[in-house]
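Undergrad: Let me give you the structure first, and then I'll get to my questions.
The values are calculated or read from the model by the stated rules, or taken from the named source; none is laboratory data. Here the structure is a predicted model, which is why all the values come from computation and not from measurement. Every residue, glycine among them, receives a Cβ derived from its backbone with ideal geometry; neighbour counts consider all protein chains shown. Please note that ligands, DNA and RNA were not included when accessible areas were found on the heavy atoms of the full protein model with its side chains. Shrake-Rupley method; radii C 1.70, N 1.55, O 1.52, S 1.80 Å.
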Amino acid sequence: MQIQIINGPNLNLLGVREPSIYGNTSIEDYIKELKQIYPSLSISYFQSNIEGELINKLHEVGFTFDGIILNAGGYTHTSVAIADAIAAIKTPVVEVHISNIYAREEFRHVSLTGKNCKGVLTGFGMKGYRLAIESLM
């Protein structure tokens, strides 16, 4: 089973960015942990701060992979283009947010991308990625 994790803007700073919200673990360390927990899965990781690169990755894997886990970061609340890319592909997408977007600023309460996803996980910290994998299995 092939799983693609896609992270959007500022998520390259996990482990150092606002640890009170996002924790102290880097995404690289967490991906290593996920690969140990799920050795039978092929887990790939991609991160970009650029909207078009996220869309290109969705297009690239969206017809061949078994599942996509997407944390679009701030683009979740603003990107019709990413929402359209999710709707256009066949691979199921699970949206993940490390923080609880509904406990934050009001503009974060709206997810333009979530309606085109299999499901949305928000507020479970890094564990959300593992929960997303479980939902795709």
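Undergrad: Just need a number here: residues in segment 1-24 that are exposed (fewer than 15 other Cβ atoms within 10 Å of the Cβ) and at pLDDT below 95.
TA: First, the residues of segment 1-24 that are exposed (fewer than 15 other Cβ atoms within 10 Å of the Cβ): 1-2, 10, 13, 16-21, 24.
The next check asks that each one be at pLDDT below 95; those that pass are 10, 13, 16-21, 24.
Number of matching residues: 9.
Undergrad: Same structure again: From (1) assigned to a strand (DSSP E or B); (2) among the hydrophobic types (A, V, I, L, M, F, W, C); (3) touching a Cys at 6+ places or on another chain (Cβ under 7 Å), pick out the condition that doesn't hold for Val120.
TA: Single failed check for Val120: (3).
Residue-by-condition table, conditions (1) open to solvent by 50 Å² or more (accessible area, probe 1.4 Å); (2) under 13 Å from the mean Cα position of the chain (by Cα):
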position	(1), (2)
Ile50	yes, no
His77	no, no
Val80	yes, no
Asn100	yes, no
Lys115	yes, no
Lys118	yes, yes
Tyr129	no, yes
Glu134	yes, no
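Undergrad: Something else about it: Which residue, of Ser44, Ser111, Ser99, is touching a residue at least 60 places away in the same chain (Cβ under 8 Å), polar (S, T, N, Q) and not in a helix (DSSP H, G or I)?
TA: Details: Ser44 fails: touching a residue at least 60 places away in the same chain (Cβ under 8 Å); Ser111 fails: touching a residue at least 60 places away in the same chain (Cβ under 8 Å).
Only one candidate passes the filter, namely Ser99.
Undergrad: Right, Ala103: at pLDDT 95 or above and either of a type in the set (Gly, Ala, Ser) or more than 16 Å from Ile5 (Cβ to Cβ) (or both) or not? Before the answer, list the steps.
TA: Working: at pLDDT 95 or above: no; either of a type in the set (Gly, Ala, Ser) or more than 16 Å from Ile5 (Cβ to Cβ) (or both): yes.
Spelling it out, it is not the case that Ala103 is at pLDDT 95 or above and either of a type in the set (Gly, Ala, Ser) or more than 16 Å from Ile5 (Cβ to Cβ) (or both).
Undergrad: Shifting gears a bit: Give the residue that is surrounded by the most Cβ atoms within 10 Å (Cβ to Cβ), with candidates limited to residues of segment 58-75 that are in a loop (DSSP other than H, G, I, E, B) and touching a residue at least 40 places away in the same chain (Cβ under 8 Å). Let's see the steps before the verdict.
TA: Restricting attention to segment 58-75, the residues satisfying the condition of being in a loop (DSSP other than H, G, I, E, B) are 62-66, 72.
Imposing the further condition that a residue be touching a residue at least 40 places away in the same chain (Cβ under 8 Å) reduces the set to 64-66, 72.
Values: Thr64: 11, Phe65: 19, Asp66: 15, Ala72: 28.
If we take residues in segment 58-75 being in a loop (DSSP other than H, G, I, E, B) and touching a residue at least 40 places away in the same chain (Cβ under 8 Å), then Ala72 is surrounded by the most Cβ atoms within 10 Å (Cβ to Cβ).
Here is a yes/no grid of residues against (1) β-branched (Val, Ile, Thr); (2) more than 19 Å from Met1 (Cα to Cα); (3) in contact with a strand residue (DSSP E or B) (Cβ under 8 Å, 6 or more places away or on another chain):
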| site | (1), (2), (3) |
| --- | --- |
| Gly52 | no, yes, no |
| Thr64 | yes, no, yes |
| Leu70 | no, no, yes |
| Ser79 | no, yes, no |
| Ala87 | no, yes, no |
| Glu95 | no, no, yes |
| Ile98 | yes, yes, yes |
| Asn116 | no, yes, yes |
| Leu136 | no, no, yes |
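Undergrad: While we're on this one: Pick from Ile43, Ile37, Ile55: which is loosely packed, with under 15 Cβ neighbours inside 10 Å and among the β-branched types (Val, Ile, Thr)? Explain how you work it out, then say what you get.
TA: Working: Ile43 fails: loosely packed, with under 15 Cβ neighbours inside 10 Å; Ile55 fails: loosely packed, with under 15 Cβ neighbours inside 10 Å.
Result: Ile37 is the single residue among Ile43, Ile37, Ile55 that is loosely packed, with under 15 Cβ neighbours inside 10 Å and among the β-branched types (Val, Ile, Thr).
Undergrad: Scan segment 106-137 for residues that are aliphatic (A, V, I, L, M) and modelled with pLDDT of 95 or more and jot them down. First the steps, then the outcome.
TA: Narrowing segment 106-137 to residues aliphatic (A, V, I, L, M): 110, 112, 120-121, 126, 131-133, 136-137.
Listed by number, the residues that qualify are Val120, Leu121, Leu131, Ala132, Ile133, Leu136, Met137.
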